[in-house]
Amino acid sequence: MEDIEAAYRAHFDDVYRFLRGLTGSESLAEELTQETFFSAMKHISDYRGESELRVWLCSIARNLYFTHLRKQKHLSPDAVPEDLCAEDSDLTELIADKALAMQIHRVLHSLRDPYKEVFSLRIFGELSFREIGSLFGKNEHWACVTFHRAKNMIQTQMKGADSDAGL
């Protein structure tokens with residue numbers, strides 16, 4: 001078993017990206033990533049090695065995020081953009097990208113589980129279908145099918161939003 005410092009160096013970015021995708025907030029993702037490694041350090045004896053360490057850490061991160069949501073009851077959709085001080089030349093591009101990203105996150109968060117979580121694990125957590133299946137106690141085929149269904153749901157809802165806006 002690798003020590004927690006080595007695990008931190010090896011998996012911090014993976015856990016952070018996974019949480020960034022779930023939360024839609026850089027600061028919350030960073031805070032929860034730190035909590036994830038602190039929790040992993042406290043419960044390292046619970047790691048049985050049945051899955052990759054990265055998958056176990058993402059599972060802890062997911063549980064911490066759900067705990068956070070229960071405590072908060074909801075997340076504010078009107079958070080102040082973290083890149084507020086970007087240069088003016090990049091501002092239009094930043095707004096367009098952030099608007100699209102926010103729209104995708106809204107659609108993603110409207111999906112029911114396991115679609116929402118499988119999509120986030122695949123795209124933001126960059127986990128393989130095998131790893132995702134393992135996390136859910138299923139096989140990689142189940143994870144692949146669930147991911148593609150989630151992707152289709154998101155695309156359908158995004159197309160619906162575009163036609164509603166007259167695009």
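Values quoted throughout were computed directly from the atomic coordinates according to the rules given, and no laboratory measurement underlies them. As the structure is a computational prediction, the values presented were derived from the model and not from experiment. In this analysis, Cβ positions are derived from the backbone assuming ideal geometry, glycine residues included, and neighbour counts consider all displayed protein chains.
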Would you please give the FRET efficiency between M102 and T67, computed as 1/(1 + (r/R0)^6) with r the Cβ-Cβ distance and R0 = 25 Å, to the nearest 0.05?
0.55
Based on the alpha carbons, how large is the Rg to Rh ratio for the range 1-77 when Rh follows Kirkwood?
0.98
Kindly write out, for the range 104-112 in residue order, the coupling ³J(HN,Hα) from the Karplus curve 6.51 cos²θ - 1.76 cosθ + 1.60 (θ = phi - 60°), rounded to whole Hz, with x marking Gly and Pro.
5, 5, 4, 5, 4, 6, 7, 6, 8
